[in-house]
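Worksheet: one structure, shown below.
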Amino acid sequence: MLLPKYWFRQQRLRRALVDYPIYDPPYKSEERTLPEEKALANFEYFLSVRQARVRFFSAWLEHAFGVPAGFDQRGLEQVLHWAQDYVCVLMPSDNFWLNVTVFCAYARPWTNEYAGANVLFDFATMLGEAFIHHRPDLRWQMEWSLSDYQDIEKRVPRETMLVLRCRQRDIRALKQDVCSGYRRPLLASATDPVEYEDVFSSVMTYYGYVSRAATVEHAWKVFPMPKGLRPTTRSEYLKNWMDFALTRSNSSQMELVAARQNRRRHEDR
């Protein structure tokens, strides 16, 4: 059951969701379990509709909530502020695991009480497009594998290679985990394996934090705890992740410029 302060937000969201377009991939099963050609068909559908859906989502935020969405810092801050208020009520609050299977495995049609799954998907897509806007080296991919980067061991430090191998191991584990998001679109670079953002997984993690914290059950559970020991709602999780990722983009650009300047100095000598 939702806490009373979220009741009005839920009602407002439900009114806004009337006639929201349904995300309609050809195969409505968890992509992890699909044959590769069917998973690829779902991914190609995503590529074909992603920009139109982001445009609709941005216009919907403006029309229904007065949120001026955009890829600039102010626009992203406005969207993330909206998310803190409304992501937690996008789907029913009485069965979190069912919501996970609806979003990750299409366990229910994305209509009526689950129409918010379309918004959650478009929200993740918009954040991904914002990353691409700020980090043009990124692109949407269905999978990530170290084998796609030839001679990578010769091009990166040993410590970086250890981190990349750990990521490869974690991705292999996702193939076995139910509703892990494996083969959902992710962001990566064609040439640099370090550049990687699992947008949909991060958004689903955020949804888990805020949707549980919005319930009466959670409030009763944490109420007896001393204030200093109560778990936080993690409402800043997504903002912190975005800030770190975009800052890393700026740092990478600065490092690239510095490397070019050093190379020019050596050439001048």
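The values are calculated or read from the model by the stated rules, or taken from the named source; none is laboratory data. No experiment lies behind these values; they were computed from the predicted model shown. Quick reminder, even Gly has a Cβ in these numbers, built from the backbone with ideal geometry, and neighbours come from all protein chains shown.
Odds and ends about this structure:
- Residue match in region 144-152 (condition: touching a Lys or Arg at 6+ places or on another chain (Cβ under 8 Å), surrounded by fewer than 15 Cβ atoms within 10 Å (Cβ to Cβ) and touching a residue at least 40 places away in the same chain (Cβ under 8 Å)): yes
- Qualifying residue in region 50-64 (condition: among the hydroxyl-bearing types (Ser, Thr, Tyr), more than 17 Å from the chain's Cα centre (by Cα), part of a helix (DSSP H, G or I) and over 30 Å from Met1 (Cβ atoms)): no
- Qualifying residue in region 22-34 (condition: closer than 15 Å to Met126 by Cβ and at pLDDT 95 or above): yes
Matching residues to (1) more than 26 Å from Phe131 (Cβ to Cβ); (2) surrounded by 14 or more Cβ atoms within 10 Å (Cβ to Cβ):
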position: Glu37; (1), (2): yes, no
position: Leu47; (1), (2): no, no
position: His63; (1), (2): no, no
position: Leu76; (1), (2): no, yes
position: Trp82; (1), (2): no, yes
position: Cys88; (1), (2): no, yes
position: Ser93; (1), (2): yes, yes
position: Val100; (1), (2): no, yes
position: Tyr114; (1), (2): yes, yes
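- Some residue of region 125-139 being of a type outside the set (A, V, I, L, M), surrounded by 12 or more Cβ atoms within 10 Å (Cβ to Cβ), touching a residue at least 40 places away in the same chain (Cβ under 8 Å) and in a loop (DSSP other than H, G, I, E, B): yes
- Residue match in region 109-117 (condition: more than 20 Å from Phe56 (Cβ to Cβ) and outside any helix (DSSP H, G or I)): no
- Residue count for region 37-76 under the criterion of being over 23 Å from Tyr20 (Cα atoms) and modelled with pLDDT under 95: the result is 3.
Yes or no, residue by residue, for (1) within 26 Å of Leu61 (Cα to Cα); (2) of a type in the set (Asp, Glu); (3) at pLDDT below 90:
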residue	(1), (2), (3)
Glu129	yes, yes, no
Leu146	no, no, yes
Ile152	no, no, yes
Met161	no, no, no
Val203	yes, no, no
Val216	no, no, yes
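- If the condition is being of a type in the set (Lys, Arg) and over 21 Å from Glu217 (Cβ atoms), then region 1-28 contributes Arg12, Arg14, Arg15, Lys28.
- Considering residues of region 153-185 that are surrounded by 14 or more Cβ atoms within 10 Å (Cβ to Cβ) and assigned to a loop (DSSP other than H, G, I, E, B) only, the residue farthest from the chain's Cα centre (by Cα): Val156
- Restricting Leu2, Leu17 to residues that are surrounded by 17 or more Cβ atoms within 10 Å (Cβ to Cβ) and in contact with a Gly (Cβ under 7 Å, 6 or more places away or on another chain) narrows the list to Leu17.
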